[in-house]
Amino acid sequence: MPDSVLMTYNNHLIAQYAQLAMILEVCATPKPGNVDRDHNYPDTHFEHFLASAVSVYPVLEQASQDSEGIGGYIHRAVLESGKWQKGGNTHFGAFMVLMPLVMAAGKLIDKSDGSPAIFPELKQNTLELVQNTTVKDAIEIYRAFSSAGVKVQDVSELDLNDPASIDTIMSNGTTLYELMEISSSYDMIAREWTAGYPLTFECANSILAKKEIMSINDAVVWSFLEILSKNPDTFIQIKFDGPTAEKVSARAKHIVSIIEDSGFDGAKKDIRAFDEELLMAGINPGSTADIMIAGLFVALMGGLEV
């Protein structure tokens, strides 16, 4: 980042912040249950995430100049990521939560204040963008899910696994925001869209505060645990079940309490043990990681220095 607090949020910088957010998230170690610099999954490795983050720069840069077409940009990012790495779905959820923020950042009126003072305007711009999505955006998201091969929650209507859902969307005139409203009761990313990005901005403020007293790595890991402790992870619920997600969140809450009592360094042994337990069980809080990427992007927009 530039040395000066004053900076110009041009479209190149916005795209670079989004890339850096994706890279910082996957580098954070140990981030319980997820791929990081020390741990891979059998088919999805650390390098796949790095390649994905690098690949989507052109999509992010163009999106930051636009005020419509969120669904199309998410779909394009999924396709571009897939060209650069063969590790499967690395950033689908991240693109879902990040793309509206990237587009909203490009609409900031005050583009010279690299501080949290821009957060209210960034949040308002984001809400306006997602609320004004279209039927075409909804269709693009369904196509993106198909392109990425993402596992999703079984539902009784507008099933993402059912190609006929696109015809239903078109005939009903269902927008992408309306789809998110339907999913918000069980999906963290959809809830961010419809509730005003509360976890994203909570995460951004948490990282900014913690970075004052610790490394960016430790600030991200601690913030990750805080978000997970209070929000059962959607990806775990889909892959396993609700009770498993609740159990993981309870374990994260216990570790957060250890950090608060003994300091971050005093809790590192417990964090590493939690990480190993989740990895052995194949339990990865992927949706929480997506929220972290969005939070890191917002924090960078707000002046976070690495």
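The values are calculated or read from the model by the stated rules, or taken from the named source; none is laboratory data. Since this is a predicted model, take the numbers as computed values, not measurements. Methodologically, a virtual Cβ is constructed for each residue, glycine included, from the backbone with ideal geometry; neighbour enumeration extends over all protein chains shown.
Structure above, values below:
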quantity: Some residue of region 228-235 being surrounded by fewer than 23 Cβ atoms within 10 Å (Cβ to Cβ), of a type in the set (G, A, S) and over 25 Å from L20 (Cβ atoms); calculated: yes
quantity: The listed residue being over 24 Å from A21 (Cα atoms), touching a Leu at 6+ places or on another chain (Cβ under 9 Å) and assigned to a helix (DSSP H, G or I), out of I255, I271, I293; calculated: I255
quantity: Candidates I259, I169 - the one that is at pLDDT below 95 and buried (at least 20 other Cβ atoms within 10 Å of the Cβ); calculated: I169
quantity: Counted residues, region 261-278 - those being acidic (D, E) and either farther than 14 Å from D38 by Cα or in contact with a Phe, Trp or Tyr (Cβ under 8 Å, 6 or more places away or on another chain) (or both); calculated: 4
quantity: For G93: the one exception among (1) within 16 Å of I293 (Cβ to Cβ); (2) not in a helix (DSSP H, G or I); (3) not polar (S, T, N, Q); calculated: (2)
quantity: Criterion: closer than 23 Å to A94 by Cβ, at pLDDT 95 or above, surrounded by fewer than 15 Cβ atoms within 10 Å (Cβ to Cβ) and not aromatic (F, W, Y) - qualifying residue of S215, S249; calculated: S215
quantity: Residue ID - modelled with the lowest pLDDT, chosen from residues in region 105-122 that are more than 19 Å from G196 (Cβ to Cβ), of a type outside the set (D, E) and surrounded by fewer than 18 Cβ atoms within 10 Å (Cβ to Cβ); calculated: S112
